[in-house]
Structures are given as structure tokens and as C-alpha cells.
Amino acid sequence: MTKPENPGSMSDSFGHDLLEERLAQIPGILAQMLERGPRPLKAATLESQRFVVTGTGSSEAHARYLSMLLNLFTERSACYVPLSGFTTAERGAFSGKTLVVFSQGVSPNAQIAINRRGDFAHIVLFSATTPSAARASGKPERATLLESLLAEGGELVEFPLAEEYTTLIRFVGPMAGYLAALQFVAQLDRCRFNLPTAEQILPLLSSAPPADLQDDMLRLPSAFSQGFNLVTAAPISDFAQNLACKFMEGLYWPCPPISDFLQFAHGPFQQMNAHPKPVIILQGGDPMETEMVQRSVRMLHEVGLGAYVIRVDANPLISILGFEAALNQLILPVMRRLRVNQIQWPGKGRDDLLYGFCPDL
């Protein structure tokens, strides 16, 4: 159980101290999830074979991560569909499949997919919001929706942090969502990985950016604020969306494009020669990545482009947690240096035409 937040105090008008408190909570929250273990899944979930997975914001990364786990480590199949896809797809496209929705707060957009649950054989909702939490926070319609979902036999996979609002960027939910997805797939029959232990996962939360990257971003943020590239290997490249979005939501910079190492030589590198910008390379624990990183750095240095390497020595099942931790540690000092207002963010309260969009389908 986490303590209630104390948002927007006069001494923390930009929300930076609140964000630092949230970062400090993450090791304890993940340790509790690992010690407690996942709640047993319903029979309908365990029997599911074909999944349609969705989510937006940081939840897109969770949805794509779960799809990767299902496709590569089980005999089941999964595909990711953006939320707008649920406004147009015919009922037959979903027949016999299980819908999986990731939404930390059950946003109106996520409800577009949830409201199509009758077209599916089953639904699983990953969320930090429960019926009681929704009702306590003054959202009775969300509580009613969740109660209906559960009464119909749907599955709610709960993960922290409920009510992680006040600031635009979120730190706890993204981390906990990955672990919840990992614990979920580990329960499925014939899953081809053992659930990583606390001894394997918790040290990754101390991952940090290289000193030269931290120093350069603090000393000359304008070199990055006009754009840079993220380069990494598959499968991380397919679910690294939230890593890129940290710079958009945390610093209000353009969201950096993400390239697989080999994709990088098919357009992004050439474009960067025309318009020079830095590159941040994410290196995992696979030995082949060492050679690809060396080749990438050499290629960039030979044309005078900057390259920074963040290394997390772990396999792709869990290395994403280390990359999340390193980039969290990278951007928070930059937020402080630039006095980025995370409580009164640009466009606050002006996004409801799309954020609040949930048509009656």
C-alpha cells in the first residue's frame, strides 16, 4: 500500500519533488509485486489462444510488450491494435478472440475498446483502477463499468499505481505494468520462460545513464531538444515507445524516433547526415548487440555525429526495466534544470476533444 500523494505544494509548484518521491517508491512496489506473486487467472483467461491487445500512452508499450511475450514465448498468438481500430472494425474480426486492454486509469479512450467486449470471447483489463478506487475518487461511471466487466466474467489484472495523476509524466505505472504483463504470461500453459526473481529484477532499477550523456544534456540541452534518435535491437525496438515518450511528456521535446540497429542504416542514418543530431543507443545483454553497438558508434563517429550508449546487461524479458530506470534518472535532473512545469503542463485541459472521445458504438 503506497502513501497518498501530496500534490502541488507551494514548495513543489512544478511537481519535481513529487516525481522524485514516485521514483523512490518503485523498488519497493516491484518488490511487493514479486513477493506477493500474481493473482491466479480465471479459467477463461488460461484457455485463451488468440489475443487482440491495445493501449495508448505508456500503455501502448505494455500492450506491445505483452504481444511479444505471447507470440515468442507461448503457443498463443497476439496482435496489437490501436484504440481507434475499435471504432471501425467489424464484429467478425474479433470473434473467438480475447481482448486485452491496458489502461492505468481506465481513460475514456480505453473505454472504446472495453465497450466492444461483447464482440470478443473474453476480456482481460490490466489497470491500477478498481471499482472501489474509482468510486472513492469520484468516478462512479468507471466503477460501474468495471463492476459490469467483472460480473460478465472478465478478468481484472491490477497493478500500481492508482491515481498517479497531478503530473503529466508517470513513472510508477509504466514500470509496474511491464512486471504485471510478465507475471501474467508466466502463468499460461507451456510458457517458455521462468518468471525472473527479485534478485534478477531489482538491481536493474539502479541502472543509470552514462555520465557523458547526463552532463551533455544538462550542459547543452538545446543539442537534444531539437531532436535525436534512439537506436536499439529487437525485440526492445518494438516496445520502446514509452522510453521515447519520456522526453515528450517529461521535457516537452519532440518524441525521438526509434530504430532497430539494422533499420538505422536504411534511412535514419542518411537523414542524420543531412541534419546532424545525437544518437542514444540502448544496449542489452545479448552478445551480438556488442558488435552492432560497436559498428553503430564507429559509423556515427566517422561522420562526426554524437553517440551515447546506455547499457543494461540483461535479456529482453527484463532489460526494459533497466532502460526505464536509466532514462528516468536522465530526465528528472533536466526537468529541474529547465524548470519544466509538470503540474501546469502545456495544453492542460484543452485535450478533451480527443482524450475524452468515447463514442457509443
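Per-structure values
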item	result
Helix 172-186 vs. the chain, principal-axis angle (Cα, 0 to 90°, nearest 10)	60
Over the chain: helical MRE at 222 nm, DSSP H runs n ≥ 4 each giving -39500 (n - 2.57), nearest 500	-13000 deg cm²/dmol
Per residue accessible area in Å² of segment 83-213, where ligands, DNA and RNA are left out and the probe is 1.4 Å	37
Above-threshold pairs, the threshold being 25 Å between Cα atoms, out of Lys139/Lys348; Lys277/Lys348; Lys42/Lys246	Lys277/Lys348; Lys42/Lys246
Counted charge near Val124, where neighbours are those whose Cβ lies closer than 14 Å (Asp, Glu -1; Lys, Arg +1)	+3
Selection from Gly284, Tyr308, Ser225, by position along the positive dipole direction of segment 210-310 (Cβ)	Ser225
Charge tally in the Cβ shell below 11 Å around Pro316, where Lys, Arg are +1 and Asp, Glu are -1, Pro316 excluded	-3
Probe 1.4 Å, all protein chains present, accessible-area order of Thr56, Thr74, largest first	Thr56, Thr74
Rounded accessible area of Asp351 (nearest 10 Å², 1.4 Å probe)	80
Karplus-derived HN-Hα couplings along segment 211-226 (A = 6.51, B = -1.76, C = 1.60, θ = phi - 60°), whole Hz, x at Gly and Pro	4, 5, 5, 4, 5, 5, 6, 6, 6, 9, x, 5, 5, 10, 5, 8
Chain lengthening between Asp17 and Ala208 when straightened (0.36 nm per residue, less Cα-Cα)	66.9 nm
Quotient of C-alpha Rg and 2.2 N^0.38 Å, computed over the chain	0.99
Stokes-Einstein D for segment 188-335, Kirkwood Rh over Cα pairs, 4 °C, 1.567 mPa s (µm²/s)	82
Debye-sum result for segment 1-109 in log10 I(q)/I(0), which assumes one identical scatterer on each alpha carbon, at q = 0.10, 0.23 Å⁻¹	-0.45, -1.32
Whole-percent carbon and sulfur share, accessible surface of the chain, 1.4 Å	53
Environment charge of Val231, counting only residues whose C-beta is closer than 15 Å and scoring Lys/Arg +1, Asp/Glu -1	-1
Accessible area of segment 246-361 divided out per residue, in Å², using a probe of 1.4 angstrom	52
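The values are calculated or read from the model by the stated rules, or taken from the named source; none is laboratory data. Predicted model, so just to flag it, every value in this text is computed and none were measured. In this analysis, Cβ positions are derived from the backbone assuming ideal geometry, glycine residues included, and neighbour counts consider all displayed protein chains. Please note that ligands, DNA and RNA were not included when accessible areas were found on the heavy atoms of the full protein model with its side chains. Shrake-Rupley method; radii C 1.70, N 1.55, O 1.52, S 1.80 Å.
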